[in-house]
Amino acid sequence: MKTKMKISFLVLAFGVSCSCSAFALPNITVLATGGTIAGSGESPVKASYTPGTIKIDQLVSLVPQIKQIANVKGE
């Protein structure tokens with residue numbers, strides 16, 4: 001009986017520890033260096049653009065689902 005109780009306790013403790021770690025999202029820092037991905041153009045049909053005009057926070061906010069995967073901040 002004591003062995004069953006110990007095994008049950010270990011299984012329960014393992015389950016609780018796994019479920020707690022599932023809530024901890026990784027922290028990700030995106031380093032913004034400007035350039036093409038942060039560029040903006042006058043029109044989608046014109047070839048010219050100005051690099052580095054879109055801020056990193058704005059780029060990250062364009063992917064709202066990312067908050068379900070990680071804690072993301074930009075620098």
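The values are calculated or read from the model by the stated rules, or taken from the named source; none is laboratory data. Everything numeric here is computed off the predicted structure, so don't read it as measured data. We place every Cβ from the backbone using ideal geometry, glycine too, and count neighbours over all the protein chains shown.
Which of the residues belonging to region 63-75 are assigned to a strand (DSSP E or B) and of a type in the set (Val, Ile, Thr)?
Pass one, region 63-75, residues assigned to a strand (DSSP E or B): 71-74.
Answer for region 63-75, where residues must be assigned to a strand (DSSP E or B) and of a type in the set (Val, Ile, Thr): just Val72.
Restricting to region 19-38, and then to whatever is farther than 15 Å from Asn71 by Cβ and modelled with pLDDT of 80 or more, can you tell me which residue is surrounded by the fewest Cβ atoms within 10 Å (Cβ to Cβ)?
Leu31
Are any residues in region 31-62 within 12 Å of Glu75 (Cβ to Cβ) and either touching a helix residue (DSSP H, G or I) at 6+ places or on another chain (Cβ under 6 Å) or part of a loop (DSSP other than H, G, I, E, B) (or both), and if so, which ones?
Leu31, Ala32, Thr33, Lys55
Determine whether Val16 is at pLDDT below 85 and part of a loop (DSSP other than H, G, I, E, B). Reasoning before the result, please.
Details: at pLDDT below 85: yes; part of a loop (DSSP other than H, G, I, E, B): no.
Considered against the rule, which asks whether it is at pLDDT below 85 and part of a loop (DSSP other than H, G, I, E, B), Val16 comes out as no.
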